[in-house]
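The structure appears below as structure tokens.
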Amino acid sequence: LKLCMVILSRASGMAAAVAMESAEERAPILHETEVETGRRSLPGRVGLFAAVALFAVAAGGGAAWSYPHTGHGATVSKAAPRTQFLAEMQPASNPSVVATANKLTDQVDKLKANIASDKSNAEDIQDKADSELKDGTSRIKAAKHEIAVAKANVSKAQDMQREAELQLQKAKAMMEAAAMHTKHANANTERGHTEISEAKSSSKKADGILDSVAEDKKRSRDMQAEEVDALYDEVNYLKGISDDDKEAADAASETARGKMDAAESKMEKASKVIDAAKKNISHAKDMLEKARKDIDHANEMEQSSIRETKLASANKAQGYKQLDAGNEAAAKAEAAQREVDKDLAEVADIEEKALGASASHRTCVDMPGVRLQGVGKASDFAPIAAEKDVSSTEKCRAWCAEHEDCMQMSFSSGNQGCYLFAKATTQVSEWHDEYNSSFCGDEKQKTHLMKMLKEVYAQKPTIPPVVECSWAGDDCANTKCCNDVACTWDFKTCKTYSCYQNEGSAQCMETAGWNKGTVIGGARAVREVAASKGVTRQGTSLFCFMVVNWKGAEGAIANNIKEKKLSIYQCDAHTILSGWETPKTPWSSFINADAFVKLWQQLQQDKLYLQHDWTAKVDADTVFFPSVLKMHLAALNTPQGSRVYVKNSDYKYQFMGALEVLTREAVELYFEKGGQCAGKLIKAHAKAGEDFYMKSCLDAIGVDSQEDFKLLRDASCGDDCGGSKGPCSDGWLAAYHFYRDVDAWNTCHAEALKAQAAAPKPDSSGSGVEEANIPMVESK
């Protein structure tokens, strides 16, 4: 037993030494790795502890140890030093084991110290990271404040600059006005001087005229006096000579009177000259007075011009001063803008780093062709200073990945729209190639995101391909199905054509016993169209149109509908097309297929139907309720994207023209392939109405159908379909036909509204958008 103990003791010493050397070699390397990664790594320490454990087992040798002091079983006080414990527990014959154990114990203590140091370093690193994060947040907050202040300063500087520009413009206007006044004053002064000169000249001229008149007057008076005196002298002389010479005296007297008359005439002329001279003098005085007034006005204008010039000079100086202030403010604003730009650049750099850090640990799963529904309102996730570019699917997805709170994105190439949401849902709104959606989250959530992706694609409807069939006279060897039908005169009964094979060819012909050959096909097979549980269904958005012959009774009904905003005005979108009178059949049906082909072409050009899930053609004399139709469409469970028309009546060909309802995809297929129908169907069924034509064409080009015989009550079918006129009292019917005067139409509409109010409403619970349950992870 002792021999075994010695051997085991020595073996344990060797094992401990080897373990210690291994620990000494590995521990420093592991420590360096720990410092670099900041994580706790334990393999080296485990090896060392294993060495200690090996030592303990080997040294123990399976023996029962006891303290020499007491002789009791191995009970060690926790307060006893480990070295003492080990020394006391070892046999005295193996001191090397004790030394090795002491050495290992020291190494353990060192490693524990290293662990404590690593923990302290990690905590320091964490504290530093928290401090840097806090500092970064503070810097962003400060940058936001500085940006706001800078923007305010820029705005204020811009206001100052605008005010300075206004003041400068005002000063310039005042200077221009002063210059104009000065120019006007100078002109008035010059005019005054001219008028004064003219007045002086007129005055001088008047003085000359007065002097001349006075001299002429004096000379005339002197001459007249002399002549009169001479004549009187001569008369007296003659009178004194002889009475016999009386005749001579009379003659002389007459001569004297003549001369006196001539003198008086001269006097009269002289008076007139004097009056003219007086008028000239008066005019000269008026001109002098006017000249004085002009001189006074010119002086006033000159003084006003001087004042305006001084004011303009002052305003000009003030304008220059304000311009300098405005330039200074503009310079400050530019400097502030440069500071703002600098701050924004710094903030943008910080923000881009933060966004990059978020994107580094986040992932997105992509879903091409999917537009998800939105949970709540779309979020902007607007940047602080970084540039936001979400103009493509990739950029939109990247922006979501860079924001911790963004969980869902949808992108539409149709309008370049990027829609981001803080919550996610697996509910699909629409399947189309122009859409792309993604779920985004932490890398640890990727498994769950992939699970959500699978839930999304599990909702994708499977739309069967269009089946091509052949027309009468065409080779049907490959298609093995036919488009044509043969009907009775009233279209109550129709039989499909069959594909007959004769030798190497096959043709579609009327199904009859006299046709030879092997029947290898008939009409296109009717396919069941209904969405299975969980598959995305066609929405209920509704585009409605009405064709109105305004010259007939329809015009009054259409105006009544328009005025009260009823019928198609309650659809999501609507249009009214103008129609015209067409011929009738002997059974009073309109032969209007060709007319409606042209009217449908107008809808193709308008393209309004593309924005909605369903298109409804409604007759004006049909009392129509779009809200009830939408409930019927929801109940059909039509797989989204299906090419479908609705059979609305269990009468004749089950497609009455009062209310024709098609999916958007069915209308698109009609516009794509319906052109082939006109040359075939109108020729074969010349007296058919547009409803028979439309239904036959839709069948021929591969549009599927669904039945809803509670959609319409049509009185035109009479007792054959239970459509006789009666009270409009079925709250589940979407349309009543026909009511061809306004009063009857309004009465039916009112009755139907009461019936709808009393009818039970469909269960709409659970119709909201359900938020996806994504497991949360700790944010980095």
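Summed over region 299-321, the residues that are farther than 12 Å from LYS183 by Cα and either among the small types (Gly, Ala, Ser) or not in a helix (DSSP H, G or I) (or both) give a count of 5. Taken across region 660-674, residues that are farther than 19 Å from MET546 by Cβ, in a loop (DSSP other than H, G, I, E, B) and among the acidic types (Asp, Glu) do not occur at all.
Would you be able to tell me the number of residues in region 356-377 that are open to solvent by 20 Å² or more (accessible area, probe 1.4 Å) and under 30 Å from VAL340 (Cα atoms)? Qualifying residue count, region 356-377: 4.
Conditions (1) part of a strand (DSSP E or B); (2) out of contact with any helix residue (DSSP H, G or I) (no Cβ under 7 Å at 6 or more places or on another chain); (3) of a type in the set (Asp, Glu), marked per residue:
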position	(1), (2), (3)
CYS406	no, no, no
ASN415	no, yes, no
TYR419	yes, yes, no
TRP431	yes, yes, no
SER438	yes, no, no
LYS446	no, yes, no
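Taking each residue of region 420-447 that is within 30 Å of ALA357 (Cα to Cα) and looking for partners that are part of a strand (DSSP E or B) and among the small types (Gly, Ala, Ser) with beta-carbon atoms closer than 7 Å, six or more apart or interchain, yields LEU420/SER379; PHE421/SER379; ALA422/SER379; TYR435/GLY369; TYR435/SER410; TYR435/SER412; SER437/SER410. Summed over region 617-639, the residues that are assigned to a helix (DSSP H, G or I) and in contact with a helix residue (DSSP H, G or I) (Cβ under 6 Å, 6 or more places away or on another chain) give a count of 1. Across region 616-636, the number of residues qualifying as open to solvent by 10 Å² or more (accessible area, probe 1.4 Å) and β-branched (Val, Ile, Thr) comes to 0. Against the definition (closer than 14 Å to MET407 by Cα and basic (Lys, Arg)), how does ARG362 come out, yes or no? Criteria met by ARG362.
Could you tell me which of the residues SER716, SER729 is outside any loop (DSSP other than H, G, I, E, B) and of a type in the set (S, T, N, Q)? Just one listed residue meets the conditions, SER716.
Across region 344-353, a minimum of one residue is classified as closer than 30 Å to MET409 by Cα, of a type in the set (Gly, Ala, Ser) and touching a residue at least 40 places away in the same chain (Cβ under 8 Å). Every condition in (1) within 37 Å of the chain's Cα centre (by Cα); (2) crowded, with 19+ Cβ neighbours inside 10 Å; (3) in a loop (DSSP other than H, G, I, E, B) holds for PRO465 except the one numbered (2). In region 637-663, what residues are of a type in the set (Asp, Glu) and crowded, with 19+ Cβ neighbours inside 10 Å? GLU660, the sole residue that qualifies.
Scanning region 682-705 for residues that are of a type outside the set (Asp, Glu), closer than 19 Å to ARG643 by Cβ and assigned to a helix (DSSP H, G or I) turns up TYR693, MET694, LYS695, SER696, CYS697, LEU698, ALA700, ILE701. Would you check if ILE384 is in contact with an Asp or Glu (Cβ under 6 Å, 6 or more places away or on another chain) and among the hydrophobic types (A, V, I, L, M, F, W, C)? Judged against the criteria, ILE384 is a match. Just need a number here: residues in region 475-513 that are surrounded by fewer than 17 Cβ atoms within 10 Å (Cβ to Cβ) and modelled with pLDDT under 90. Qualifying residue count, region 475-513: 15. When region 592-615 is filtered for residues that are within 24 Å of LYS460 (Cβ to Cβ), out of contact with any Leu (no Cβ under 7 Å at 6 or more places or on another chain) and buried (at least 19 other Cβ atoms within 10 Å of the Cβ), only ASP613 remains.
Restricting attention to region 640-659, the residues being modelled with pLDDT of 90 or more and either within 25 Å of ALA472 (Cα to Cα) or in a strand (DSSP E or B) (or both) number 6.
Scanning region 487-542 for residues that are closer than 30 Å to LYS687 by Cα, of a type in the set (Val, Ile, Thr), assigned to a loop (DSSP other than H, G, I, E, B) and in contact with a Phe, Trp or Tyr (Cβ under 7 Å, 6 or more places away or on another chain) gives a single hit, THR511.
To keep it simple, each residue is scored yes or no on (1) under 30 Å from GLN169 (Cα atoms); (2) modelled with pLDDT under 75; (3) surrounded by 12 or more Cβ atoms within 10 Å (Cβ to Cβ).
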residue: ASP261; (1), (2), (3): no, no, no
residue: LYS269; (1), (2), (3): no, no, yes
residue: LYS272; (1), (2), (3): no, no, no
residue: HIS283; (1), (2), (3): no, no, yes
residue: LEU288; (1), (2), (3): no, yes, yes
residue: LYS310; (1), (2), (3): yes, no, no
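Just one residue in the set ALA386, ALA357, ALA331 is farther than 30 Å from GLN611 by Cα and part of a loop (DSSP other than H, G, I, E, B); that residue is ALA386. Taking the criterion of being within 21 Å of VAL347 (Cβ to Cβ) and either surrounded by 14 or more Cβ atoms within 10 Å (Cβ to Cβ) or of a type in the set (Phe, Trp, Tyr) (or both), the residues of region 380-394 that qualify are PHE381, PRO383, ILE384, ALA385, ALA386, VAL390. Among the numbered conditions (1) under 39 Å from the mean Cα position of the chain (by Cα); (2) farther than 24 Å from LYS533 by Cα, the only one that ASP699 does not meet is (1).
The values are calculated or read from the model by the stated rules, or taken from the named source; none is laboratory data. From a predicted model like this one, the values you see are computed outputs, not experimental measurements. Positions of Cβ are backbone-derived with ideal geometry, glycine not excepted, and every protein chain shown enters the neighbour counts. Surface areas here come from the heavy atoms of the whole protein model, side chains and all, with no ligands, DNA or RNA. Shrake-Rupley method; radii C 1.70, N 1.55, O 1.52, S 1.80 Å.
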